[in-house]
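Below you'll find the structure I mean.
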Amino acid sequence: MLDALIDYGLFTAKTLTVLLLLGLFVLLLLRARHQGGYEVDGGRLEITNLNDRYEDMADGLKRATQPPKAYKRWAKAEHKAHKALAKADSAVRPRLFVLDFHGDLLATEVGGLRETISALLQEVGEGDEVLVRLDNAGGAVHEHGLAASQLLRIRRRGIALTVAVDRVAASGGYLMACVAERIVAAPFAIIGSIGVIAQLPNFHRWLEHQGIDFELHTAGDYKRTLTLFGENTDVGRAKLREHLEETHQLFKDFIREYRQGVDLEKVATGEYWYGEQALGLGLVDELSTSDDYLLAARASRDLYRLRWQSKKRPWQRLAGGVAALLARLPAVVAGTVARR
């Protein structure tokens, strides 16, 4: 009896192993069907055919909800239509390339954006379009300025550029978004925050109370305006505010160049607006989610999602994920208190 149980257990284990391997093989085949890629030093450009992805989703839904005979008739008609389209000259359609940018305080995805756009500009042609799905609450000026400059590379080549905002494009995020010819936003997406902020704690009085001296030596009157540990002065504070005003003016000038007609005196106050309000202010051009935009575009365009995957060790990916989560906390808070 015991031998029979052992034999049964071994048989079950073998069966499960085979099924697991078969499932893994099928999964890899399905992934390969929709996703290609190109390996280069430092990373990989992943290319996903979104038309195929949407078709497979619709196919699965029809298979599950329609009677078998009705589904077979539909599948046969679809196959015939695809075959005819493949033979026709009109099968070559304009393309819509989809890029995703998830922002954080230091715009850490700008490196991948740079690589993706460098590859894209070598292939994109007349009639093609680029859609950037942007989710960015802003952060460091120089990093987000670089990210906006990467999008400008597309615009300056005469390629149609659309930015879709489903959740937030604020501060440095809007600096990126305003480069596009058209901005599409979800009704409750957070838009705006056209302003500049600088904040830091100062521990000088605590150090003084503890009997700890702090020395800071600089060459140049304004090498350091405010410090964490030294005694800040009114002159330093005034200089920092002057710098913030200059940066704010640059921000407004940049928006004025690419969003002509926007009343900057009204919108460049640092406030947030929801998508519907932003439409009335001219900050966006259309109310829609990126999903609806893509579903409408697939009727006339071939959709491809491009994603740069840099080569990182496991511990680097883990550290990057934690850092990105921490960096996005201000966006969560902003979304909660934006209109209170």
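The values are calculated or read from the model by the stated rules, or taken from the named source; none is laboratory data. The shown structure was predicted, so the numbers you read here are calculated from the model rather than taken from an experiment. As a convention, Cβ positions derive from the backbone with ideal geometry for all residues, glycine included, and neighbour counts pool all protein chains shown.
Listed here are the residues, each with its yes/no results for (1) assigned to a helix (DSSP H, G or I); (2) of a type in the set (G, A, S); (3) modelled with pLDDT of 95 or more; (4) closer than 24 Å to V98 by Cβ.
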| residue | (1), (2), (3), (4) |
| --- | --- |
| F254 | yes, no, yes, no |
| E276 | yes, no, yes, no |
| G282 | no, yes, yes, no |
| L295 | yes, no, yes, yes |
| G321 | yes, yes, no, yes |
| L329 | yes, no, no, no |
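In segment 201-215, which residues are in a loop (DSSP other than H, G, I, E, B), more than 11 Å from G230 (Cβ to Cβ) and not hydrophobic (A, V, I, L, M, F, W, C)? Break it down stepwise before answering.
First, pick out the residues of segment 201-215 that are in a loop (DSSP other than H, G, I, E, B): 201-203, 210-215.
With the extra rule that they be more than 11 Å from G230 (Cβ to Cβ), the set shrinks to 201, 210-212.
Passing the criteria: P201, Q210, G211.
Would you be able to tell me the number of residues in segment 253-276 that are of a type outside the set (A, V, I, L, M) and without any contact (Cβ under 8 Å) to a residue 24 or more places away in the chain? Walk me through it before giving the result.
Restricting attention to segment 253-276, the residues satisfying the condition of being of a type outside the set (A, V, I, L, M) are 253-254, 256-261, 263, 265-266, 269-276.
Keeping just the survivors that are without any contact (Cβ under 8 Å) to a residue 24 or more places away in the chain gives 253, 256-257, 260-261, 263, 265-266.
Adding up the residues that qualify gives 8.
Please count how many residues of segment 265-280 are touching a helix residue (DSSP H, G or I) at 6+ places or on another chain (Cβ under 8 Å) and surrounded by fewer than 15 Cβ atoms within 10 Å (Cβ to Cβ).
Residues in segment 265-280 being touching a helix residue (DSSP H, G or I) at 6+ places or on another chain (Cβ under 8 Å) and surrounded by fewer than 15 Cβ atoms within 10 Å (Cβ to Cβ): 0 in total.
Would you mind stating whether R114 is charged (D, E, K, R), surrounded by 11 or more Cβ atoms within 10 Å (Cβ to Cβ), more than 26 Å from the chain's Cα centre (by Cα) and part of a helix (DSSP H, G or I)?
Numbers: charged (D, E, K, R): yes; surrounded by 11 or more Cβ atoms within 10 Å (Cβ to Cβ): yes; more than 26 Å from the chain's Cα centre (by Cα): no; part of a helix (DSSP H, G or I): yes.
No: the conditions fail for R114.
Now for a different question. Looking at segment 88-102, can you tell me whether even one residue there is closer than 30 Å to S171 by Cα, β-branched (V, I, T) and either modelled with pLDDT of 65 or more or in the same structural domain as H144 (by TED's automatic domain parsing) (or both)?
Initially, segment 88-102 is screened for residues closer than 30 Å to S171 by Cα, giving 96-102.
Adding the requirement that they be β-branched (V, I, T) leaves 98.
Narrowing further to those that are either modelled with pLDDT of 65 or more or in the same structural domain as H144 (by TED's automatic domain parsing) (or both): 98.
Yes.
For R307, indicate whether it is assigned by TED's automatic domain parsing to the domain that holds H142 and modelled with pLDDT under 90. Steps first, please.
Numbers: assigned by TED's automatic domain parsing to the domain that holds H142: yes; modelled with pLDDT under 90: no.
Judged against the criteria, R307 is not a match.
Still on this structure: Spot the failing condition for T218; the list is (1) farther than 23 Å from V262 by Cα; (2) in a helix (DSSP H, G or I), and only one is missed.
Against the list (1) farther than 23 Å from V262 by Cα; (2) in a helix (DSSP H, G or I), T218 comes up short only on (2).
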